[in-house]
1. Going by C-beta contacts inside 10 Å, put TYR158, TYR208 in order with the fewest on the left.
2. For the range 173-187, take each phi angle, set θ = phi - 60°, evaluate the Karplus expression 6.51 cos²θ - 1.76 cosθ + 1.60, and give the result in whole Hz per residue in order, putting x for glycine and proline.
3. For each of ASP222, ASP325, count neighbouring Cβ atoms within 10 Å of the residue's Cβ, then give the residues from fewest to most.
4. I need the calculated FRET efficiency for the pair THR66 and ASP325, taking r as the beta carbon distance and R₀ as 51 Å, to the nearest 0.05.
5. Just the ratio, please: alpha-carbon radius of gyration of the range 171-256 over 2.2 N^0.38 Å, N its number of residues.
6. Report the Rg/Rh value for the chain, based on alpha-carbon coordinates and the Kirkwood definition of Rh.
7. Given 0.36 nm per residue, what is the gain on full extension from ALA356 to SER313 after removing their alpha carbon distance, in nm?
8. Take ASP26, ASP117, ASP276 and order them by how many other Cβ atoms sit within 10 Å, fewest up front.
Amino acid sequence: MLGYFKIFLGVKTMSFAKKFDLELDDLPSMTPRISKILKQNRITSVSTLAATSLRELVGLYIDSDTAQTLIDEADATMRQSGFGFVMGSKLLDEVDQVEVLTTGCKSLDVLLGGGLDTQRLYEFYGPNGVGKTNFLHQLICTAMLPKSKGGLASRVVYIDAEGNFSTKRIRMIAPEFDLNVNQVIKNIPLIKIHNISELLSTLEHHLYPEMEQTGARVVLLDSITYNVRGEYIGEKNLPIRQGTLGKIAHALKKASQAFNAVVVVVNQITKNPKTDEVTYSGGNVLGHAVQVRVSMTKAEKESNDLYKKDSTSHKIRFFVDKAVDLPRQSCIVMMDSRGFRDIEPGSQDAQEEVKAKQEV
Ligand SMILES: Nc1ncnc2c1ncn2[C@@H]1O[C@H](COP(=O)(O)OP(=O)(O)O)[C@@H](O)[C@H]1O
Ligand SMILES: [Mg+2]
């Protein structure tokens, strides 16, 4: 029995991935028997097979030499289709395929170079209560917007490891984007995760078929370190903790490329006991795997009397901490019951922000 709960499985649609993903049966060493075994185990495409481990295939009673050959063939096929090493001209095709998802806030989109790109793994990290989970809820809504409004007109796979997914919050945010609440909720394949093995199993066996079947082009994970930190405690578990995080990040990154998808994970912060420095959890492994890392901090401490009177909204500073092609800059947005919004141009908040930037 599957060790996870999947709350929704949408109508099968033709996904982007299918356009350039070869059939399993096209692989030179594939046999009808093995093809059948793979499909029975939800390894239904070349991209899924390429991301499957040798151990897993051997576990399906496929002999290890054949299994290795098939993985190599799948991997080579993926590379030929534009993943892995690519020629410049092919690279241009890939760039053409990149699409951009709005966050629903112009200032944040600008900070991110236009919005959230497909084929990228993003990490948003920050302290408890800053608004990370809420931000993912907003992205669920923007993802479902038509492309003309900055969305991807896409279903969203939401992997909930912290148990904080809230349809109530969707009900508040979706109308802001003129979306039908029930339609939004119906289009979220929600996967609830309770421990690391469920998370790994979801990523290894279920995520790619899910994306293929539902056409989802956005994957959100709340949060990437929750189970890993909870289950692998202490310094002696550091190697397994890091190895597991690496696996999770790798699978997500692969999903972003194989399905031309936006993948966003949120992360907690941690304090280095030796230096007292506060940073994202997960250390170097995660640091190297994510392509864009953004910190979220509460901005109300920055002398804002208006905020203090208003307990139904809060200001959040987004800061691009790491990205290969974005400057290290920040912006402030508001979050209230209706979700995240730009601060009003000309408002006291906006003026203070301009002043603060001039002073820097
Ligand atoms: N309906 C709402 N109206 C205004 N603020 C809200 C609402 N719901 C949640 N919040 C704000 O969101 C915060 C929790 O954000 P959350 O996304 O759970 O943080 P994180 O995931 O970073 O721990 C609350 O402390 C509150 O300030
Ligand atoms: Mg949260």
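Read-outs: derived from the displayed coordinates by stated rules, not from any lab. Small disclaimer: the values here were computed from a predicted structure and weren't measured. Positions of Cβ are generated from backbone atoms using ideal geometry, with glycine treated the same way; all protein chains shown enter the neighbour counts.
1. Numbers: TYR158 23, TYR208 27.
Ascending Cβ contact count within 10 Å gives the list TYR158, TYR208.
2. Per residue, the Karplus-derived 3J(HN,Hα) values read 7, 3, x, 4, 9, 6, 9, 7, 4, 5, 4, 4, 5, 5, 9 Hz.
3. Working: ASP222 24, ASP325 8.
Listed from fewest to most nearby Cβ atoms, that is ASP325, ASP222.
4. According to the calculation, E is roughly 0.80.
5. Details: Rg = 15.7 Å, N = 86, 2.2 N^0.38 = 12.0 Å.
Normalised by 2.2 N^0.38 Å, the Cα Rg of the range 171-256 equals 1.31.
6. Details: Rg = 21.1 Å, Rh = 21.5 Å.
Looking at the chain, the ratio lands at 0.98.
7. Here the answer is 13.4 nm.
8. Working: ASP26 11, ASP117 20, ASP276 7.
Ordered from fewest to most neighbouring Cβ atoms within 10 Å, ASP26, ASP117, ASP276 come out as ASP276, ASP26, ASP117.
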